[in-house]
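**Q** Questions regarding the structure given below will be posed in turn.
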Amino acid sequence: MNKRIKLLSEQAEKYADDNFRGEPTWSEAFESKFAELIIAECVQICEQGTATQTTSSGAASMIKQHFGVE
């Protein structure tokens, strides 16, 4: 697993361990937090891009590079 994705997974796991009382199950708390962290990171990447990078293909490339996805 990519280091960045692993870190986000660990953060979501800690969140679920500490806060799953508000969700029906631990796995639902983990999954929703993990998705939230990934989306937030993608938004941050797009917001930091220059005008030429924020085309759909440019943003996709930046996100792939950030997460180490081919």
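**Q** Given the conditions (1) modelled with pLDDT of 85 or more; (2) surrounded by 11 or more Cβ atoms within 10 Å (Cβ to Cβ), which single one is not true for residue 18?
**A** (2)
**Q** Looking for something at pLDDT 90 or above, surrounded by 12 or more Cβ atoms within 10 Å (Cβ to Cβ) and aliphatic (A, V, I, L, M) - is there at least one such residue anywhere in the range 37-44?
**A** yes
**Q** Still on this structure, I have one more. Can you find a residue in the range 61-69 that is modelled with pLDDT under 85, of a type in the set (A, V, I, L, M, F, W, C) and not in a helix (DSSP H, G or I)?
**A** yes
**Q** Another question, then. Residues to consider are 13, 23; find the one that is modelled with pLDDT of 90 or more and surrounded by 13 or more Cβ atoms within 10 Å (Cβ to Cβ).
**A** Going through 13, 23 in turn, just one is modelled with pLDDT of 90 or more and surrounded by 13 or more Cβ atoms within 10 Å (Cβ to Cβ): 13.
**Q** Can you work out which of the residues in the range 1-43 that are of a type in the set (S, T, N, Q) and out of contact with any helix residue (DSSP H, G or I) (no Cβ under 7 Å at 6 or more places or on another chain) is nearest to residue 69 (Cα to Cα)?
**A** 32
The values are calculated or read from the model by the stated rules, or taken from the named source; none is laboratory data. Given the structure is predicted, the values throughout are model-derived calculations rather than measurements. All Cβ positions, even for glycine, are placed from backbone atoms using ideal geometry, and neighbour counts span all protein chains on display.
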